[in-house]
Amino acid sequence: MITTADFRNGITIDLDGALYNLVYFQHVKPGKGGAFVRTRLKNLKTGAVIEKTFRAGERVELAILDKRRMQYLYRDGDSHLFMDLETYEQLSIPGDEVGETARYLVEGITVEVPLYEGKPVGVEPPVFVDMEVVETAPGVKGDTASGGSKPATLETGLVVNVPFFIEAGNRVKIDTRSGEYVERVE
């Protein structure tokens with residue numbers, strides 16, 4: 001158990017049986033009344049962000065996560081198969097546990113899998129992922145590198161806006177935090 005005085009960005013707490021990552025917190029001491037702590041919490045399972053206010057000194061359960069480096073192998077029906085890079089054990093994670101991260105999973109990529117009490121609670125992709133463009137409108141003569149964008153479908157089904165000079169078969173770097181195009185990869 002920790003108190004609100006121990007809050008730090010990035011810690012994981014167990015709140016009403018669900019795991020939340022502390023994204024933001026602010027201690028507030030109003031002129032009248034008791035102090036409190038405003039927080040923004042991200043649900044590790046659903047990805048939903050909630051705001052919650054705690055009384056100063058309130059105790060909450062700290063969740064200790066064991067993060068493992070794993071390699072993504074392939075999708076098997078509704079689940080995804082990963083291999084632990086230390087023990088070479090394979091772990092199947094259901095699609096609802098992987099969530100929106102599945103859009104960035106390409107075979108062979110190394111990800112972080114947080115485990116709570118031996119069970120996976122999501123998948124954390126690297127900040128940048130290289131993916132192949134499988135479909136986009138063809139470039140037209142006169143299109144420039146800095147003049148606009150067009151939608152492109154990537155190998156995982158993710159659709160992002162890319163510059164006009166990008167063609168099907170090109171590899172592009174995607175920022176997994178925002179889901180946006182960064183650059184073309186040679």
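The values are calculated or read from the model by the stated rules, or taken from the named source; none is laboratory data. Here the structure is a predicted model, which is why all the values come from computation and not from measurement. Methodologically, a virtual Cβ is constructed for each residue, glycine included, from the backbone with ideal geometry; neighbour enumeration extends over all protein chains shown.
Miscellaneous remarks
- Residue that is surrounded by the most Cβ atoms within 10 Å (Cβ to Cβ) [pool: residues in the range 11-26 that are under 17 Å from the mean Cα position of the chain (by Cα) and of a type in the set (A, V, I, L, M)]: LEU19
- Near pairs, Cβ below 6 angstrom, 6+ apart or cross-chain, from the range 113-130 (among the small types (Gly, Ala, Ser)) to any residue that is part of a loop (DSSP other than H, G, I, E, B): GLY122/LEU44
- Of the residues LEU91, LEU73, the single one that is farther than 27 Å from ARG171 by Cβ, surrounded by 12 or more Cβ atoms within 10 Å (Cβ to Cβ) and in contact (Cβ under 8 Å) with a residue 24 or more places away in the chain is LEU91.
- Filtered residues of the range 27-66 (kept if on the phi > 0 side of the Ramachandran plot and exposed (fewer than 10 other Cβ atoms within 10 Å of the Cβ)): GLY33
- Single residue of TYR116, TYR88 found to be aromatic (Phe, Trp, Tyr), under 25 Å from THR46 (Cα atoms) and out of contact with any Pro (no Cβ under 9 Å at 6 or more places or on another chain): TYR116
- Qualifying positions in the range 131-158 - aliphatic (A, V, I, L, M) and either at pLDDT 85 or above or not in a loop (DSSP other than H, G, I, E, B) (or both): MET131, VAL133, VAL134, ALA152, LEU154, LEU158
- Residue check: LEU81 meets all listed conditions (1) over 17 Å from the mean Cα position of the chain (by Cα); (2) in contact (Cβ under 8 Å) with a residue 60 or more places away in the chain; (3) closer than 27 Å to VAL106 by Cα but one, namely (2).
- Within the range 19-55, tally of residues that are aromatic (Phe, Trp, Tyr) and in contact with a helix residue (DSSP H, G or I) (Cβ under 6 Å, 6 or more places away or on another chain): 1
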